Amino acid sequence: MSATPDPETTLAAGALDDVDAHVLDQLRHLHEVVDPPPADLVDRVKFAMTVAALEAEVADIVSSATLETVRGTDYDRADTVTFASDGLSVMVSIEHGATTRADIVGWVSETDVEVELRERGRTRTAVVDEEGRFSFTGVERGLVNFVIRRRGDVAAPPIITPAIEL
Amino acid sequence: MMHTDAGAHSLANRAASAFRAYRDGETAGMSTLVDEVTPLLWAVARQQGLHHQAAEDVVQNTWLKLVEHAPSIADPQSVLKWLITTTKRDAWSSVSRGHREEPAAHADVRDAEPDATAPSPELAVLAEADDRLVWHHFATLSDRCKALLRAIAFAEKPDYATVAQALGMPVGSIGPTRGRCLAKLRHALVTDPRWEMPS
């Protein structure tokens, strides 16, 4: 045994090295495994930020065929979803093709509105026809929202739908 | 003062450039920022003693505050610190609204979980023997040391100083020397024959 008084004291005064970095990396990894952030936290944060930035009204999902668990923050594959807010309702139906892209056909209960489709990383806008219909083709699969704006009333807050997964 | 020692790949720098892009009108910058920093904010909120739901609320509110205050953050380089201190402060007030004393190191909810020496749910999810070993030795440290090492380990190496500072850890608690807490853990590992020293 060496005469060094206390190995911990010696170690404590030493400079950080790669072994320390490794130990700390392992500790971080452990905490990430043991207590990870909820899987949908990031998506919910982004949604809340979008709502705040747009000062939008959030529509409720009032019905959905083929999906049982869409409630604000749970996502599932949907075929037909109906949203409603502030007297306006929107129904969208999703046609999954053989590719990774889907087509969306929708109907709004008012006709003087525009519908914005928010995909990951890009947005597109459609004006509804005289029957309130709109469509988007070749939409990348993933989470999407719709933002609906009343064109006749620019002061009205836009309406944003919760995300649905295509 | 800028942390010029933090490398180009440090979280602080990645956060700063994403935030700068956002302020220059690229909305995708904010999305990148949320992806990069949310796990760290989650860890910060949890360390203050918040339970799951409260931690989620605090993290989400921090981001909403950033949207609101974005124009008033003078130096984009400080955005990571701003996010950490906002999360920590709000977590504190959330904890005290819950009529609990100001969280000390021992208030970490993860330490309140069952006896660390008993087989715990944490150990059950750690598949690797090496992970279990590090967890075992970590669990024997004092609460103060656990809190300190967690705070440092939240970040990757280039960010140790930024994160520890934003969390109000004592100056010199990490680097240039390793300090007593890390020394204890390292000594325990090095003298454990089951631990494999990284090459």
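No value in this document is a laboratory result; all are computed from the given coordinates. Computed from a predicted model, the values in this text were never measured in an experiment. For neighbour counting, all protein chains shown are included, and Cβ atoms are generated from backbone atoms with ideal geometry for every residue, glycine included.
A compact table of results
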read-out: Number of positions in the range A:8-30 that are facing another protein chain (nearest Cβ under 7 Å) and outside any helix (DSSP H, G or I); value: 3
read-out: Among residues of the range B:28-72, those that are surrounded by fewer than 16 Cβ atoms within 10 Å (Cβ to Cβ) and outside any helix (DSSP H, G or I), counted; value: 1
read-out: Selection count, the range A:31-41, where residues are surrounded by fewer than 20 Cβ atoms within 10 Å (Cβ to Cβ) and assigned to a helix (DSSP H, G or I); value: 3
read-out: Whichever residue in the range A:42-60 is at the interface with another protein chain (Cβ under 8 Å from one of its Cβ atoms) and within 23 Å of B:A54 (Cβ to Cβ) and, among such residues, is surrounded by the most Cβ atoms within 10 Å (Cβ to Cβ); value: A:V45
